[in-house]
C-alpha cells in the first residue's frame, strides 16, 4: 500500500489533447508524464480502459469487456513509428474541437486507420512484430479468444446484442461457434491484432512512466455491461432468465446524487455460482488489472458487502432490495494470492458498518471527498480534514462530481460560509479550486488526488460525468496549451510545502567495462649457454 505521502492527478486518457478528436496513448500521454514528474505528482489516476460503444453512451463503466483495451485510444502516431501506417495515412481531413471528444466522427476514422494497419501487418516481413503478436495471443487466450469471437459475431449480426443472436450462437454451441469463427476468421484475427497493439502501446507508456517515477492508479467497475463478452462467455455467473435476459439488474438506492436512485441496468452476479468456482473469474480480473496498474480502485466497493438488486422490469431503482455480496471470504481468497493488496475501496454514498468492517479487516483505504465535507454536519463529517485517516485517499472531487469551481458556484450561501469559516479566509468562485486543492494536500491522508480540471480552475463546462444523465458524458478534453510553466511550479510548490514531493530519481550510472589486465609478454627461456654469456 501507500506508505509515504504522495499526490496524484485524475485525468482519463481520452481527455488528453490530440489532433485526432480523442486523447490516446501517444505523444500527449508521454508529455503529460513529463509534466507530472516536473510538478512532483506521483499517481496518474485514470478511468477504466475497457472498450466502449454508443449503446452505453461510451461509458467506460459499462464496457464491452472486463479485460480488453479500448481501441479508440490507440495512437496512430505510434502506428507510424511501428511502420504500420505512414504520415500520409493519418493526415487529417477534418479539424476536431480541442475541448471535447467527438465520438461520432472519431469512431469511423480510427476504425479505418486500424483496418489499414492490420492489412499492412499481414503483409509485413517483421518477424519480431509477428512473433510478439503470436506470443500475446497465446498468453492472453483465456479472455482474448472470447472477446475476439464476441466482437466479430456482434459485427456480423449488425451490432445486435448477443441475446438476439441465433440460439446456437447465443447458447455457445461448440460446433456452431467453430463454424462461424472459421467464416469470420479475418475479423477475429484483426480484433486480436487491435488488442495486441493496444497492450503494446499501453506497456510502452507504463514503462516510460516508471522511469519518470509516475505510477498508474487504475479503476475496476464492479459490474460489467449486459451486452459484453463476459456475460456472453460466462452466462452461469450472472442472474439470467432462460431466455438469457437479466432477471435483476444493478443500481443504488436514492442518495446524494439522485432522489430516485440510480438504475444502472447491468446484470447482477450470481455469487453462489462464483463461490463454487473459487471466484475464478473475479480473481482473474483483479490479477489482470494489477498487472496493468500499480494501484487499483474498486468502484462501488460496498457491493462486496451487500448490493442493491432491482427487478429488470422496474423503471427506477427505488423498489430494489439489499442482497449479500461475497464479503470477507472473497478477500481471504485474494489475500492468499497477494499478501499486499494494492486496492482502494470506493466507499462513497450509503456506507454501513459491515462495509467499514470489511475495509478495516483487510486494511483497504477509502476515499475522502472534500465536496461532501461542508454540509450542516461539517464538524462531524467523515469527509472534513480533521477527521481524515492516514490510510485514505483525499480528493477535491471525482469524475462523478462537478468541478470545484462549478461546485462552489452552485453552493448555497450557508455552505459557502462554512467553507470560508473552515479555511479562515475569503473564498470565491475564482479561488475555490486552488484553496480546496491546498486543503486536500494538507490532509493526513497518505495520498491526495486532484482532478486535472481543478488544477486548471475550470467550471461546469469541464464536468466528466453527470450521474443518472444518459447522454453528454465522458466528453471533456484538456486543451493543447493548458499546462503552463506557472501551473507546474504551483503544483510542485504545494507538493514541497505539504511533504508530498517524491525523492528525485537518481540517474543510472553508466556501466563500465572492466579494464583489461595488462599481460606481460611471454619470453622464451634462455639457453644455458646464453645465461653464461650474460653472466660474463
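Please order 98, 313 by the number of other Cβ within 10 Å, starting at the fewest.
313, 98
Over all pairs of different C-alpha atoms in region 96-140, the reciprocal of the mean inverse distance, the Kirkwood hydrodynamic radius, equals 12.8 Å. Between residue 280 and residue 145, the C-beta separation translates, for a Förster distance of 22 Å, into a calculated FRET efficiency of about 0.85. Kindly identify region 112-217 as rounded, prolate or oblate by the Cα gyration tensor criterion: order the square roots of the eigenvalues as a ≥ b ≥ c, call it rounded if a/c is under 1.5, otherwise compare a/b with b/c, prolate if a/b is larger, else oblate. Because a/c hits 1.5 or more and a/b exceeds b/c, region 112-217 counts as prolate.
Rounded to 0.05, the FRET efficiency of the residue 125 and residue 91 pair, given R0 = 25 Å and the Cβ-Cβ distance, is 0.50.
Annotation: extensible slack from residue 352 through residue 489 equals 45.2 nm (criterion: 0.36 nm per residue apart, minus Cα-Cα distance). Order these by the 10 Å Cβ neighbour count, fewest first: 150, 279. In order of increasing Cβ crowding within 10 Å: 279, 150.
Test of understanding: extend the Cα→C-beta vector of residue 480 to 7 Å, then name every residue of region 84-118 with backbone N under 13 Å from that spot. Once the point is set 7 Å along Cα→Cβ of residue 480, 92, 95-99 turn out to lie under 13 Å by backbone N, inside region 84-118.
Taking a ≥ b ≥ c as the square roots of the eigenvalues of the Cα gyration tensor, region 368-428 is oblate, since a/c reaches 1.5 or more and a/b is not larger than b/c. Between residue 182 and residue 272, the FRET efficiency estimated from the beta carbon spacing at R0 = 56 angstrom works out to 0.95.
Projected label points at residue 387 and residue 413, each 7 Å from Cα along the beta carbon direction, are separated by 2.7 nanometres.
If I take every Cα pair under 8 Å that is 6 or more residues apart in region 124-266, average their sequence separation and divide by the length, what percent do I get for the relative contact order? Result for region 124-266 is 21 percent. Once you sort the root eigenvalues of the Cα gyration tensor of region 276-394 as a ≥ b ≥ c, which label holds: rounded (a/c under 1.5), prolate (a/b larger than b/c) or oblate (the other case)? In terms of gyration-tensor shape, oblate. Please report the base-10 log of the normalised intensity I(q)/I(0) for region 356-398, using a Debye sum with one equal scatterer per alpha carbon and no solvent, at each q in 0.26, 0.30 (1/Å). Treating every Cα as an identical point scatterer, log10 I(q)/I(0) equals -0.90, -1.03. Grab the alpha carbons of region 142-187, take their convex hull, and tell me the volume per residue in Å³. Output value, Cα hull per residue: 73 Å³. Ordered by the count of other Cβ atoms within 10 Å of each Cβ, fewest first, 481, 163 give 481, 163. Taking every alpha-carbon pair within the chain, the share separated by more than 32 Å comes to 49 percent. Note on residue 4 and residue 260: their simple-model spin labels are 5.0 nm apart, each label 7 Å out from Cα toward Cβ. Between region 336-356 and region 196-263, the C-alpha centres lie 17 angstrom from each other. Potential lengthening of the chain between residue 210 and residue 138 amounts to 23.3 nm, from the contour at 0.36 nm per residue minus the alpha-carbon distance. Thinking of region 369-485 as a set of Cα atoms, what percent of all their pairs are more than 22 Å apart? Tail of P(r) above 22 Å: 33 percent of Cα pairs.
Once you have the Cα-Cα distance between residue 160 and residue 469, take 0.36 nm times their residue separation minus that, and quote the gain in nm to one decimal.
Here the segment from residue 160 to residue 469 would lengthen by 108.9 nm.
Can you grab the distance from the C-alpha centre of region 18-61 to the C-alpha centre of region 71-87, Å, no decimals? With region 18-61 and region 71-87 each reduced to a Cα centre, they are spaced 16 Å.
Laboratory data are not the source of any read-out in this text; all were calculated from the coordinates shown. None of these values were measured; they are calculated from a predicted model. Note that each Cβ is placed from the backbone with ideal geometry, even for glycine, and that neighbours are counted across all protein chains shown.
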